[in-house]
Amino acid sequence: MGMNAIRVIGDPVLRVKATEITEITENLARLTQDMLSTMYSAPGIGLAAPQVGVQKRLFVYDWGSGPGVLINPEIKDADGEWVFEEGCLSIPGLSWELLRPKQVHIVGVDLEGKEVSFEADELESRLFQHEMDHLDGVLLVDHLDEDQRREANKTLMGIGDSIGPPLPIVRENLGLSQSD
Ligand SMILES: [Zn+2]
């Protein structure tokens, strides 16, 4: 089984809106297997196709009840509020407490092309919302409030000093001006 490199913040592929999947092919099935291997070895509980450089609307997940694949997912309804500490394989080592809807109704298609529907709550719901964001080019740093944003900037600048990633792009991703 193949493994994919996980793209990290600053990579433009993470900012592109992914396209609908029109046909479920052998290649697509293989991609999901590779994505699941990549996710488990990270380790993580969800991985969206853009995170491995594929601009397609699909993600894999396993929040503790076995592996799943959701193709062309759509959130139909959201309800409640829940604060939960959220991280992302594309923003390694960092996490933030974020407020999001507690429950979502999500629909999509599985690998057999069968329509599926979930009434998800708490962790499962959070996971689905997070992966949905990836399909729209949204990263979790986009959800930070002003204070979190300021803190994150400091932290990311620290990371920038130690490993030297393209800091200006990170700063752009955080919505900060060059003079901050
Ligand atoms: Zn993520």
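Brief remarks follow.
- Total residues in region 122-143, condition surrounded by 15 or more Cβ atoms within 10 Å (Cβ to Cβ) and more than 14 Å from the ligand (Cβ to nearest atom): 2
- Criterion (acidic (Asp, Glu), within 12 Å of the ligand (Cβ to nearest atom), in contact with a strand residue (DSSP E or B) (Cβ under 6 Å, 6 or more places away or on another chain) and not in a loop (DSSP other than H, G, I, E, B)) met by exactly one of GLU74, GLU86: GLU86
- Scan of region 21-71 for residues that are outside any helix (DSSP H, G or I) and among the acidic types (Asp, Glu), ordered by number: GLU23, ASP62
- Of the residues in region 33-55, not one is charged (D, E, K, R), in contact with a strand residue (DSSP E or B) (Cβ under 8 Å, 6 or more places away or on another chain), in contact (Cβ under 8 Å) with a residue 12 or more places away in the chain and away from the ligand (no atom under 16 Å from the Cβ).
Each row is one residue, and each column tells you yes or no for (1) small (Gly, Ala, Ser); (2) closer than 30 Å to ASN27 by Cβ; (3) in a helix (DSSP H, G or I); (4) at pLDDT below 90.
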| residue | (1), (2), (3), (4) |
| --- | --- |
| GLY93 | yes, no, no, yes |
| HIS130 | no, yes, yes, no |
| VAL138 | no, yes, no, no |
| ALA152 | yes, no, yes, yes |
| MET157 | no, no, yes, yes |
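- Taken over region 55-84, the residue count meeting the criterion of being surrounded by 19 or more Cβ atoms within 10 Å (Cβ to Cβ) and within 16 Å of VAL13 (Cα to Cα) is 3.
The values are calculated or read from the model by the stated rules, or taken from the named source; none is laboratory data. The shown structure was predicted, so the numbers you read here are calculated from the model rather than taken from an experiment. Glycine gets a Cβ as well: all are built from the backbone with ideal geometry, and neighbour counts include every protein chain shown.
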